[in-house]
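> Below: one structure in structure tokens.
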Amino acid sequence: MLNYKINPNFHINCGFVVTGEAVCNAIVQTNAILGDLPANLYKSIDYKTTSAMIGSVFCDRLADVVGAIVNPIEKGHPDLVPPSAINCTEEELRNYPEGLEIKCTIGNIEAGANLRAGQTRIESLTGITWQAHHREVAELLGLVWDFVEDGRAFNYPAISGAFFSDDLCEDDWGQISGTTGRNTKVSGMAASGKAKMGGGWVAVVEKDEYLAAYSRSLRFRFP
């Protein structure tokens, strides 16, 4: 099992209380679930699908740990809401005033790395970018994952870091792409947003290569 550095000062109330210990607990549970799935699954799906799966499992596990619920509608915002929202209308759940938005990324790697499922990416990491469908996301718990080495023959995907900011603004997100044709509209987080996320680190796997890479990408330092 992977070990994590946890920010002891992380504590937020977003309609339910979330601490660094709670996030780490959900991370460990998520990693265990991911590690029980067949390795061939990860070889047959793309990283976007894997990210979506990791995010969904983590949301379910964190909701259980902190006493929240996963937003009942597919396009609801935020991802986790207080239990009191269970009887709200679909319209209300599309932009509920309390809760926690969660996004997941594997990060960007250098051109030509040609890495496959099961191969760690941290040594080739060039940056971390979370994406949103609009530039109004102000509060975010951002997850980073990798095929982390843990002594098994196949390196299963695992969450390697969690970062948070409740101070994001429109300028912390880049211009929206995919505004023409059938492409999904997305906005990538700008450098200013990444610095805010790094300043709100929650939990990071205790491996020197990850601590160093995330420090470079998100400009954060451990106390």
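> Between the stretch 29-73 and the stretch 113-146, how many Å separate their Cα centres?
The distance from the Cα centre of the stretch 29-73 to that of the stretch 113-146 comes to 15 Å.
> Could you run the Karplus curve 6.51 cos²θ - 1.76 cosθ + 1.60 with θ = phi - 60° over the stretch 194-200 and give me ³J(HN,Hα) per residue in whole Hz, x for Gly and Pro?
Computed from phi, the couplings for the stretch 194-200 are 4, 5, 5, 5, x, x, x Hz.
> For the stretch 78-137, what class follows from the C-alpha gyration tensor (a ≥ b ≥ c being the square roots of its eigenvalues): rounded when a/c is under 1.5, otherwise prolate if a/b is larger than b/c, else oblate?
prolate
> Give the Rg/Rh ratio for the chain, taking Rg as the radius of gyration of the Cα atoms and Rh as the Kirkwood radius, to two decimals.
Expressed as Rg/Rh, it is 0.94.
> Could you compute the net charge surrounding VAL205? Neighbours are other residues with a C-beta less than 14 Å from the C-beta of VAL205; K and R count +1, D and E count -1.
Neighbourhood net charge equals -3.
> Bin width 5 Å, origin at 0, all Cα-Cα pairs of the stretch 1-72: what percent of pairs per bin?
Bin by bin from 0 Å, the calculated values are 3, 15, 22, 22, 18, 12, 6, 2.
> While we're here: Going by average Cβ density within 10 Å per residue, which order do the peptides 86-95, 131-140 take, highest to lowest?
131-140, 86-95
> Using amide H atoms built in the peptide plane, which far-off residues or other-chain residues are under 5 Å from VAL202 H to H?
ALA162, PHE163, PHE164
> Amide H to amide H under 5 Å from ILE109: which residues, 5+ apart in sequence or cross-chain, H placed 1.01 Å off N in plane?
THR126
> Ok, one more. Search the structure for amide H atoms under 5 Å from the amide H of PHE10, placed 1.01 Å from N in the peptide plane, and list their residues when 5 or more places away or on another chain.
The answer is GLY20.
> Here is a follow-up. Students often get this wrong, so check it: of LYS48/LYS196; LYS185/LYS207; LYS43/LYS103, which have C-alpha atoms separated by over 32 Å?
The answer is LYS185/LYS207.
Every number here is computed from the coordinates shown, using simple stated rules; none is lab data. None of these values were measured; they are calculated from a predicted model. Neighbour counts are summed over all protein chains in view; Cβ atoms, including those assigned to glycine, are modelled from backbone coordinates with ideal geometry.
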